[in-house]
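No lab work stands behind these numbers, since they all come straight from the coordinates. Model, not experiment: these values are computed from the prediction. Note that we place each Cβ from the backbone using ideal geometry, even for glycine, and neighbour counts take in every protein chain shown.
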Amino acid sequence: MAAKKRLRHWRLQRDEAGTAWLDFDQAESGVNTLNEETLSELDGILTDLEVAPPKALVIRSAKKSGFIFGADVRQFAEFQDEGQALAAIRRGQGILDRIAQLPVCTVAVIQGQCLGGGLELALACRYRLVENEARLGLPEVKLGIYPGFGGSVRLPRLIGAPKAFDLMLTGRTIDGRRAARLGVADYALPERQLENGIRGLLRESPPTRRAGFWLRTLELAPMRFLLAAFLKRQLEKRISAAHYPAPFALIGSWRRVGGANIPRQLETEAESVARLITGPSSRGLVRCFMLRERLRTLSKLPDCPKPTHIHVVGAGVMGGDIAAWCALKGFRVSLQDPRPEAVAGALKRAHRLYRRRLKRTHKVTAAMDRLIPDAQGHGLARADVVIEAIVEDLEAKRGLFRDLEARCKAETLLTTNTSSIPLEQIAETMANPARLVGVHFFNPVAKMPLVEIVAGRQSGKHWLDRACAFAGDLDRLPLPVKSAPGFLVNRALMPYLLEAVTLVDEGVPVEVVDRAATDFGMPMGPVLLADTVGLDICLSVARILAESLGNEVPDTLQTMVEQGRLGKKSGGGFYDHGGKRPKPMTPAPEDLSGIDVDAARDRLTHRLFNEIAACIAEGVVADEELADAGMVFGTGFAPFTGGPCQFMAARGQDRIVARLKELEAKHGRRFAPVDALGPAD
């Protein structure tokens, strides 16, 4: 009883059969995480269990949110040096290894989320019993590290290196059924059968899992070296070791000691992860994680009612895909557009999305049933949220919102997906302009996590809060921005894209321009990005921004649009999109020695840096953190840097300004540093 009183995060009980039931219920938290305090308490419990061993130990979560969400990422940033990190990792490894060494049957019962350190704890148990819909994964690579509490050692031994590396190198999650098929879990059961499953497992005590003989041969030196080399080659096709060293370090550690005893493997794991976690890549990726959490917090507004019916006006690519996403997330959605072919295209894309995401026929059918074609707009009367996604034309939008306001309930949230038109102008003809909020999604809707929540001068706080909460309901990250030309993302991105077109005009091959950006760390080059977005869209946004910001629009862009060369949508733009992979319309010359790739990179990135500084100074976005979040989650800006503002801070603002002045002297006023950056030293 005394032990119970001093436990804050764990509850330990023993039943008449001698089984110890250990429930994790982290105090003052909606989720369970492994941090210094919860691990220390677990360490003390294990001491008691070693002194008086039970017949079996069952570890569960007392929280509805899941088993364990992993380590407390906030503590990563507290490590001052590699030595401090190494001590913390060794301690975590040691505690989990004590579970593995207990001379009793140990069972992890997994429901909900079981991620990172949570799965590593489960791997230290003899058995893992999972609920069918649980989610399991080792997403550490997304934080610039790899499993450091023994996971990178135990998982390959359990299911074999090929399947283990697939999980660890991608960071993807799997459901309980898939975990059982892979061998990560021993059994997967419906929630109602878990209790009986635990009793049966304790009663029968089946042989523990281990990778089969042929998979174990991969641990031997010759085969291990070959597999490691293959995995490394595959990685190099996708990412740079300079930007994302963790996956390469994981492969390297396994290559060196994969066949050794567990203590040596654990020590190698600890030393490698300690180096990574205090390195710049992990620091940047951890910052991105914290930025994501800050945006998620903005959507957690319990006083905002969750909508049930969404009405989308406009079944083009954006409108149709927004409607499909809303239905995927469980909302009833009516999709209004007078063009049958547009609605048909939207439904076809939705079905393709649902088959890819939901897989099971009955779930796909249910999602399609929630997405309702509505040419006449009958769904407006029932809608809790209306999303306008028609053509970027001010008068068309004004007329539409006059009609929407008259046909909707007084409490319906009215939103526009405009990418560049100030909300104040759209709202001029509305009876209650406070209802209008910008909810700007990015293409492709199913992949881009950011939604800009645009506040016009007329937008009311109540409506803005509802829009942020709605973004959270859609599993999207809300970014509050001020209604200004281009908002944050398009305004910062457009000079970057226009500079890429200017470089091409000057004779720099498109693939060289794009490689300059991808070598910096961008997920896609700016020229290919422009082709993907659509050159007509780029031209339209560029013209709108030019009116207020004075950006020069290259003539080439207008000429290509007039010729019908719109990019991917028309089959060709700067690239030919007719094959499996885009190819430059104009092949690069063999001799590229006269092209200064570093200068091209600086011209692209520094125009973007300059514009972001201007956006912060003008209050388009509240602070540098939110600006970084917008660019990372809205454009894919090199996540390992932590965002453009973080990059500028690390590089030194004086160096950024000095480089801008050099570029201004050579290329003109578009590179003039904004006042917010300050003078160069």
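The figures follow:
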| read-out | value |
| --- | --- |
| Estimated Rh, segment 331-416: Kirkwood, alpha-carbon pairs, angstrom | 14.2 Å |
| Spin-label proximity, residue 275 to segment 70-104 - amide N less than 17 Å from point 7 Å beyond Cα toward beta carbon | 81-87, 89-90 |
| Inter-label distance, nm, simple model (7 Å from Cα along the C-beta direction), residue 666/residue 40 | 5.6 nm |
| Under 5 Å, built H, 5+ apart or other chain: amide partners of residue 138 | 116 |
| Rg(Cα)/(2.2 N^0.38 Å) for segment 105-182, N = residue count | 0.98 |
| Selection from 273, 110, 634 lying farthest towards where the dipole of the chain points positive, charges on Cβ | 110 |
| Two-site FRET efficiency, residue 208 against residue 55, from Cβ-Cβ distance with R₀ of 22 Å, rounded to 0.05 | 0.85 |
| Cα-based convex hull volume of segment 275-380 per residue, rounded to whole Å³ | 146 Å³ |
| Rg followed by Dmax, in Å, when segment 415-503 is reduced to its Cα trace | 13.8, 47 |
| Under the Karplus curve 6.51 cos²θ - 1.76 cosθ + 1.60, θ = phi - 60°, whole-Hz ³J(HN,Hα) for segment 321-329, x wherever Gly or Pro sits | 6, 5, 4, 4, 5, 4, 5, 4, 8 |
| Stretch gain in nm, segment residue 382-residue 348, where the contour uses 0.36 nm per residue and the Cα spacing is subtracted | 9.7 nm |
| Which of 674, 207, 463, positive extreme of dipole for the chain (C-beta unit charges) | 207 |
| Of 306/482; 64/359; 300/348; 232/447; 409/482; 363/580, those spanning more than 28 Å from alpha-carbon to alpha-carbon | 300/348; 363/580 |
| For segment 2-278, diffusion coefficient by Stokes-Einstein and Kirkwood Rh (Cα), 25 °C, 0.890 mPa s, µm²/s | 129 µm²/s |
| Selection of trypsin sites (Lys or Arg not before Pro), segment 407-491, meeting DSSP coil and at most 14 other Cβ within 10 Å | 409, 447, 457 |
| Extent along principal axes [Cα atoms of segment 143-286; Å; largest to smallest] | 50, 35, 29 |
| Principal-axis tilt of helix 221-236 within the chain, Cα atoms, nearest 10 degrees | 20 degrees |
| Share antiparallel - DSSP beta bridges, the chain, percent rounded to 5 | 25 percent |
| Efficiency of FRET from Cβ geometry, residue 505 and residue 406, R₀ 45 Å, rounded to 0.05 | 0.40 |
| Helical contribution to [θ] at 222 nm, DSSP H n ≥ 4, -39,500 (n - 2.57), averaged over the chain, rounded to 500 | -15500 deg cm²/dmol |
| Residues whose placed amide H lies under 5 Å from that of residue 113, excluding near-sequence neighbours | 66, 67, 135 |
| Value of Rg to Rh for segment 338-378 (Rh from inverse mean 1/r over Cα pairs, i.e. Kirkwood) | 1.03 |
| Rounded to 5, the percent of DSSP beta bridges in segment 2-278 classed as antiparallel | 30 percent |
| For segment 31-78, diffusion coefficient by Stokes-Einstein and Kirkwood Rh (Cα), 4 °C, 1.567 mPa s, µm²/s | 104 µm²/s |
| Per-selection Kirkwood Rh - segment 380-448 (Cα, Å, 1 d.p.) | 12.3 Å |
| Gain in span if fully extended, residue 356 to residue 199, counting 0.36 nm per residue against the direct Cα distance | 52.8 nm |
| Length released on extending from residue 256 to residue 462, taking residue separation times 0.36 nm less the Cα-Cα span | 68.4 nm |
| Under 5 Å, built H, 5+ apart or other chain: amide partners of residue 243 | none |
| Vicinal HN-Hα couplings computed from phi for segment 593-610 (Karplus, 6.51 cos²θ - 1.76 cosθ + 1.60; Hz; Gly/Pro x) | 5, x, 9, 8, 5, 4, 5, 4, 4, 5, 5, 5, 6, 6, 5, 5, 4, 4 |
| D_trans [Stokes-Einstein, Kirkwood Rh over alpha-carbon pairs] for segment 490-677, 4 °C, 1.567 mPa s, µm² s⁻¹ | 77 µm²/s |
| Cα extents of segment 153-203 along the three principal axes, largest first (Å) | 35, 20, 14 |
| Approximate spin-label separation residue 618-residue 166, in nm, with each point projected 7 Å along Cα-to-Cβ | 4.9 nm |
| Sparse-neighbour loop sites [GluC sites (Glu not before Pro); segment 573-681; at most 10 other C-beta within 10 Å; DSSP] | 590 |
| Counted charge near residue 458, where neighbours are those whose Cβ lies closer than 14 Å (Asp, Glu -1; Lys, Arg +1) | +2 |
| For segment 627-640, 3J(HN,Hα) per residue [Karplus equation, 6.51 cos²θ - 1.76 cosθ + 1.60, θ = phi - 60°, Hz, x = Gly/Pro] | 5, 4, 4, x, 6, 6, 8, x, 10, x, 3, 2, x, 5 |
| Sites residue 84 and residue 556, calculated FRET efficiency, Cβ-Cβ separation with R0 45 Å, nearest 0.05 | 0.25 |
| Hull shadow area, averaged, segment 302-483 [alpha-carbon convex hull, nm²] | 9.3 nm² |
| Over the chain, equivalent-ellipsoid semi-axes from the Cα gyration tensor in Å | 47, 32, 24 |
| Radius of gyration and maximum dimension Dmax of segment 609-681, Cα, Å | 12.3, 33 |
| Residue 17 versus residue 191: modelled label distance in nm, points set 7 Å from Cα along the beta carbon direction | 2.3 nm |
| q = 0.19, 0.20 Å⁻¹, segment 48-190: log10 I(q)/I(0) [Debye, one scatterer per Cα] | -1.16, -1.26 |
